[in-house]
Amino acid sequence: MTAPLTFSPEVQDALSAGRPVVALESTIITHGMPYPQNLAMARQVEQVIRDNGAVPATIAVMGGQIHVGLTDAALEALAQTPSDQAMKLSRADLAVCLANGRTGATTVAATMICAHLAGIRVFATGGIGGVHRGAETSFDISADLQELAQTPVTVVAAGAKAILDLPKTWEVLETLGVPVIAYGQDDLPAFWSRTSGIKAPLRMDSAGEIAAAAAMRARLGLKGGQLVANPIPQDAEIARDDIMPVIEQALSEAETRRIAAKEVTPFLLGRIFELTGGRSLDSNIALVLNNARLAAAIAIAMTR
Ligand code: PSU
């Protein structure tokens, strides 16, 4: 019995010919951004990957199949699906969604699982999930971290989302043995801001180095992936001092309203969008496109 994978013709051709492919997630479309900006972003990010010489494979679950590469009509339907009608899939619920024939959007964790099943080694997103503030009492830690420790996919993100407890997030990744690689700078980026003030454990300055490190992990038989933390472009960043008070306000509203579990991240992103008058979304889109560019370069380096 094999996994229920349905490939788009473009992705199928690229994979059988050994050409570079970059996986993309779908939770960012259904739960991370409002319509219609989510659809525009999903199309643009695919285009950026094509323009940079690789093939995009957006991943989502529909009709009992993991779709690897979506048609434009499927992308549009997903972007218009209300967030309460698409499951936000992680490792725990991927199989349930497939077995029940429901529609599901893949988070970083689920996208890594699906990409690996499909034979795709690199994946671009916005920011990974991590340790939520107050995790010492709530125990709210994203399954993305465990996935990075066990599934061999290189994930390109602008760090972890700054709504999280970033120092604790990096501590957990270190404990799990996940290589956290800052791209082109010494500091770890903080999603909307280029720097977090925290020094990265590893730094690399080229796609070739990142591809070589992934290949070496495979030769050593080390399970798990790598996290590439790619800073947002300068002209799109929101300085830490500007975004922090907004994050604090959104977090205290989430607490008052007792938002919990899978709802936390979408709620915070939505409130920060409103509080910044849409600026956080522009930054979020810019960083995703920037990550797609680097992921395409890594995918190309991996095929050499
Ligand atoms: N990147 C973004 N926006 C998002 C996400 C990533 O720019 O919404 C999604 C990813 O799917 C990631 C999820 O896995 O947020 C994290 O959710 P949580 O904190 O509930 O684990």
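Miscellaneous remarks
- Remark on ARG203: its backbone amide H falls under 5 Å from those of ALA182, a criterion applied only to residues 5 or more positions apart or on other chains, H modelled at 1.01 Å from N.
- Lys/Arg +1, Asp/Glu -1 at C-beta; the chain dipole; positive extreme among GLY18, LEU275, LEU287: GLY18
- A simple rule links phi to the HN-Hα coupling: the Karplus curve 6.51 cos²θ - 1.76 cosθ + 1.60 with θ = phi - 60°, which for the stretch 104-117 gives x, 9, 8, 6, 4, 4, 5, 5, 4, 4, 5, 4, 4, 4 Hz, with x for Gly and Pro.
- 1.4 Å probe accessible area per residue over the chain, in Å²: 42
- Derived scalar couplings ³J(HN,Hα) [the stretch 132-141; Karplus, 6.51 cos²θ - 1.76 cosθ + 1.60; whole Hz; x for Gly, Pro]: 6, 4, x, 4, 5, 10, 7, 6, 7, 10
- Evaluating kT/(6 pi eta Rh) at 20 °C and 1.002 mPa s, with the Kirkwood radius of the stretch 115-239 over Cα pairs in the Stokes-Einstein relation, gives 147 µm² s⁻¹.
- Whole-number percent relative contact order across the chain, with pairs defined as alpha carbons under 8 Å at least 6 apart: 20
- Charge dipole of the chain about the Cα centre (unit charges at C-beta), most positive-ward option of LEU222, PRO179, LEU75: LEU222
- Expressed in Å, the radius of gyration and Dmax of the Cα atoms of the stretch 69-156 are 14.0, 43.
- Linear extension gain, GLU76 paired with MET1, 0.36 nm per residue minus alpha-carbon span: 23.9 nm
- If only the Cβ of Lys and Arg carry +1 and only the Cβ of Asp and Glu carry -1, the dipole of the chain around its Cα centre is close to 680 debye.
- Diffusion constant of the chain at 4 °C, which comes from Stokes-Einstein with the Kirkwood Cα-pair radius and 1.567 mPa s, µm²/s: 68
- The slack between LEU202 and GLN85, meaning 0.36 nm per residue of separation minus the straight C-alpha distance, is 38.2 nm.
- Taking all protein chains as shown and a probe of 1.4 angstrom, MET33 keeps an accessible surface of around 10 Å².
- Here, P(r) means the percent of Cα pairs in each 10 Å bin from 0 to the largest distance; for the stretch 161-304 it is 11, 35, 34, 16, 4, 0.
- In the complete set of protein chains, residue-level accessible area for THR107 is approximately 20 Å², probe 1.4 angstrom.
- Highest average packing first - 73-80, 18-25, Cβ atoms within 10 Å: 18-25, 73-80
- Percent RCO, i.e. relative contact order, over the stretch 1-95, from Cα pairs under 8 Å lying at least 6 residues apart: 36
- In terms of the mean number of neighbouring beta-carbon atoms within 10 Å, the peptides 129-141, 188-200 order highest first as 188-200, 129-141.
- The slack between MET216 and ARG257, meaning 0.36 nm per residue of separation minus the straight C-alpha distance, is 10.1 nm.
- Cα-based Lys proximity count in the stretch 156-304, under 22 Å, for pairs eight or more positions apart or on separate chains: 4
- Cut-off under 5 Å, modelled amide H: who pairs with THR195 long-range: ALA190
- Based on the Stokes-Einstein relation at 10 °C and a viscosity of 1.306 mPa s, and on the Kirkwood radius from alpha carbon pairs, the stretch 1-132 is assigned a translational diffusion coefficient of 109 µm²/s.
- Computed over the stretch 49-158: relative contact order in percent, which uses C-alpha pairs under 8 Å that are six or more apart: 23
- Diagonalising the gyration tensor over the Cα atoms of the stretch 164-220 and scaling each eigenvalue by 5 before taking the square root yields semi-axes of 21, 15, 7 Å, largest first.
- Across the stretch 233-246, coupling constants 3J(HN,Hα) worked out from phi with the 6.51/-1.76/1.60 Karplus curve, θ = phi - 60°, read x, 3, 6, 10, 6, 10, 4, 3, 5, 7, 7, 4, x, 5 Hz, and Gly and Pro carry x.
The values are calculated or read from the model by the stated rules, or taken from the named source; none is laboratory data. Since this is a predicted model, take the numbers as computed values, not measurements. Methodologically, a virtual Cβ is constructed for each residue, glycine included, from the backbone with ideal geometry; neighbour enumeration extends over all protein chains shown. Protein only, heavy atoms only, side chains kept; ligands, DNA and RNA dropped before computing areas. Shrake-Rupley method; radii C 1.70, N 1.55, O 1.52, S 1.80 Å.
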